[in-house]
Structures are given as C-alpha cells and as structure tokens.
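To keep things clear, I will list the structure first and then write my remarks on it.
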Amino acid sequence: MSTDSFTDSSSQPQKRPTVLLCIGMAGSGKTTFMQRLNAHLHSVKKPPYVLNLDPAVTQLPFTANIDIRDTVNYKEVMKQYNLGPNGGILTSLNLFTTKFDQVLEFISKRAPTLEHIIVDTPGQIEIFTWSASGAIITDAMAATYPCVVAYVIDTPRTTSPATFMSNMLYACSILYKTKLPFILVFNKTDVVSHEFAVRWMTDFETFQQALQKDSSYMSSLMNSMCLVVGVSAITGAGMDEFFKAVDEAVKEYETALNKAERQEDKKQAQLTRLMKDMDVSDSSSRAGNINNVYPSTI
Ligand SMILES: Nc1nc2c(ncn2[C@@H]2O[C@H](COP(=O)(O)OP(=O)(O)OP(=O)(O)O)[C@@H](O)[C@H]2O)c(=O)[nH]1
C-alpha cells in the first residue's frame with residue numbers, strides 16, 4: 001500500500017493506528033499483557049484491533065480479530081512435517097506469513113477507525129531475530145503503520161546480572177533486526193520492582209553521553225532503548241506510563257527513523273525477496289489449507 005492511501009482527497013494526512021508488537025521470552029507475560037492492553041484501551045473507549053500470531057496458545061483471554069489458529073492448525077503442521085513444538089510454531093508462522101497481505105487488507109479496512117493494533121507473538125523470539133516470517137511481519141507492518149516493539153520482560157526472573165544481560169542481548173538483537181522503536185516493558189512488578197534494572201541500565205552514564213553526542217541512526221535507536229517502563233499485567237499498574245512511552249516511541253518512528261527506508265518500493269522488493277528466500281511454495285501446497293486468512297471478526 002502506498003503512503004498515498006493515507007491521504008484523503010483534500011490531501012490531509014489521515015491518522016494511522018499504532019501497531020504494538022508484543023515480543024518476549026516464553027512465560028514473560030505477553031498474553032497477559034495483551035489482555036491488560038486490550039482491557040485498558042476498551043476502558044478508555046479506544047478498542048484496539050487484535051492479532052494473535054501464537055499458533056500454540058491454548059486459551060486466549062481476549063477476543064482476537066485475526067487469530068492465526070483459525071488459519072493454521074499447529075498440531076497438524078507438527079504431524080505433517082514431523083516437527084517438535086518449536087519447529088511447528090515457526091513453520092506455522094511461516095505458512096501464515098505467506099498470506100500476510102490478506103491480514104494487511106483486513107487491517108486497512110478498519111484502520112481509519114483505529115488508534116491501536118495490538119499483536120501477540122509466540123515466545124520463540126528467534127522468530128524476530130532470524131526467521132523470514134518475523135522480518136516480513138515487522139517490515140510489512142512498519143511500512144504501513146507506526147510500529148513499536150513492546151519487549152516484555154519477566155522482571156522476577158531477570159534479577160541475576162547474567163540473566164539480565166542475556167535478556168538485554170536478545171532485546172538488542174531484535175532492536176537491530178527490526179530497527180523499530182522499542183519499549184522495554186518490565187512486567188510482573190507486583191512481584192519484584194524493576195528499579196534494579198533501571199539502576200543497572202542508567203549506570204552506563206558515559207556510554208549514554210557518548211550516544212547522545214552521536215546523531216547517527218543506530219545511535220538514536222540505541223537511545224530509544226532508554227524507554228523503560230515497569231508494569232504489572234495482573235494489577236494494571238504502569239499502564240499510563242506505558243502509553244506515554246508509546247507516544248514517545250511513535251515520535252521516534254516519525255522523526256528519527258530514516259524515512260527513505262520506509263519507501264514502499266524498497267519494502268516491496270524486500271518483501272518479495274524474503275518471500276522467495278522462504279521458498280514456501282512446496283510446504284504451503286502440502287499444508288493445503290493456507291489459501292486464506294480467516295479473520296475471527298473483521
Ligand atoms: N504476578 C504476575 N504474574 C504474571 C503477570 N503477567 C503474567 N503473569 C503470569 O505469568 C505466566 C505466563 O504468562 P503468559 O501471559 O501466558 O506469558 P506468555 O509470554 O504469553 O507465554 P508464552 O505464550 O508461553 O510465550 C502466567 O502464569 C501469568 O499469570 C504479572 O504482571 N504479574
């Protein structure tokens with residue numbers, strides 16, 4: 001879709017909904033956080049458009065407008081390809097992504113009435129560091145809408161420096177790969193406060209000063225790592241701070257990101273290349289049932 005789609009006949013830019021991509025390790029609380037976001041946005045009378053991209057989730061505590069499980073049977077995929085759970089999830093997402101243009105079409109019909117599109121993802125975060133489907137999803141979304149990664153962290157399980165560092169490295173690799181504004185969402189603060197993490201991150205004073213002097217694209221992305229919020233998906237604490245961070249992140253998207261990289265022709269070429277690289281033609285015909293994306297509620 002060209003950016004012209006967002007201008008009406010009087011050339012006034014139309015408002016675009018912000019995509020919030022919830023990414024995080026298994027068990028970090030993405031789905032619970034999605035539920036909290038959904039409830040919060042409903043309570044302020046701004047119901048979001050909801051996408052579930054986790055084919056293996058057994059129970060969704062919210063209603064999704066588009067649910068990957070309506071299109072791909074993850075257990076069937078595991079059987080057909082003789083895969084374990086991780087491979088099954090990855091392959092299911094790859095199959096679904098071949099039809100992501102249909103997802104974008106559904107979204108574009110509703111986009112003018114929306115402020116947020118919230119997306120739940122599987123806990124296999126390597127999807128967003130190396131798999132083609134992760135790149136297609138983030139690139140396709142970001143080519144059309146302001147797109148922010150909400151990286152959900154299990155705060156109580158991140159209190160040892162080694163685990164903290166390893167989780168931050170994952171976050172960095174997703175940041176570098178997606179090149180999207182990033183919010184570190186320290187979840188489960190009802191159990192352990194995230195203050196220790198903020199302290200550890202802000203100790204790098206000289207590192208941050210050096211970053212601020214550097215106006216390069218990567219540096220501004222790294223600075224966006226400073227958007228840190230503590231929330232509890234269970235109690236709802238921290239939601240106002242989260243949405244303030246989203247506003248900041250959207251500004252980041254609009255200004256700091258290299259607009260040229262968002263040009264449709266380049267994206268289109270990139271997506272086509274990625275689709276080709278995936279070489280899913282054989283697998284999608286074997287799965288047989290991935291001709292259409294079935295929205296739960298359009
Ligand atoms: N105390 C507390 N528990 C939470 C919070 N958020 C999530 N949990 C719990 O953490 C566990 C995992 O939450 P999920 O939302 O299923 O996590 P997920 O990241 O979607 O998990 P996967 O689908 O496996 O990737 C559940 O038992 C939740 O109840 C929170 O803010 N506080």
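The values are calculated or read from the model by the stated rules, or taken from the named source; none is laboratory data. Computed from a prediction, not measured in an experiment: that's the story for all the values here. We place every Cβ from the backbone using ideal geometry, glycine too, and count neighbours over all the protein chains shown. Side chains are part of the model used for accessible areas, which takes the heavy atoms of the whole protein and leaves out ligands, DNA and RNA. Shrake-Rupley method; radii C 1.70, N 1.55, O 1.52, S 1.80 Å.
May I ask you to verify whether residue 178 is buried (at least 21 other Cβ atoms within 10 Å of the Cβ), over 27 Å from residue 229 (Cβ atoms) and more than 16 Å from the ligand (Cβ to nearest atom)?
Considered against the rule, which asks whether it is buried (at least 21 other Cβ atoms within 10 Å of the Cβ), over 27 Å from residue 229 (Cβ atoms) and more than 16 Å from the ligand (Cβ to nearest atom), residue 178 comes out as no.
Identify, by number, the condition in (1) small (Gly, Ala, Ser); (2) assigned to a helix (DSSP H, G or I); (3) under 20 Å from residue 125 (Cα atoms) that residue 197 doesn't meet.
Failing condition for residue 197: (3).
If you go through the range 86-109, how many residues are more than 14 Å from residue 72 (Cβ to Cβ) and open to solvent by 10 Å² or more (accessible area, probe 1.4 Å)?
The number of residues fulfilling the criteria is 7.
Would you check if residue 165 is away from the ligand (no atom under 16 Å from the Cβ), within 23 Å of the chain's Cα centre (by Cα) and modelled with pLDDT of 75 or more?
yes
Does any residue of the range 137-145 turn out to be within 15 Å of the ligand (Cβ to nearest atom) and either within 19 Å of the chain's Cα centre (by Cα) or at pLDDT 90 or above (or both)?
No; the residues of the range 137-145 include none that is within 15 Å of the ligand (Cβ to nearest atom) and either within 19 Å of the chain's Cα centre (by Cα) or at pLDDT 90 or above (or both).
Residue by residue through the range 21-47, note down the ones that are open to solvent by less than 10 Å² (accessible area, probe 1.4 Å) and more than 7 Å from the ligand (Cβ to nearest atom).
21, 22, 23, 34, 37, 41
State whether the residues of the range 149-158 include one that is more than 14 Å from the ligand (Cβ to nearest atom), within 30 Å of residue 42 (Cα to Cα) and crowded, with 22+ Cβ neighbours inside 10 Å.
yes
Could you list, ordered by first residue, the pairs with Cβ atoms under 9 Å in which the first is in the range 62-90 and closer than 19 Å to residue 48 by Cα and the second is β-branched (Val, Ile, Thr) and assigned to a helix (DSSP H, G or I), at least 6 apart or interchain?
Filtered contacts from the range 62-90: 62/31; 65/107; 66/103; 66/107.
Which of the residues that make up the range 115-124 are within 11 Å of the ligand (Cβ to nearest atom) and surrounded by fewer than 24 Cβ atoms within 10 Å (Cβ to Cβ)?
If the condition is that a residue be within 11 Å of the ligand (Cβ to nearest atom) and surrounded by fewer than 24 Cβ atoms within 10 Å (Cβ to Cβ), then 123, 124 are the ones that fit.
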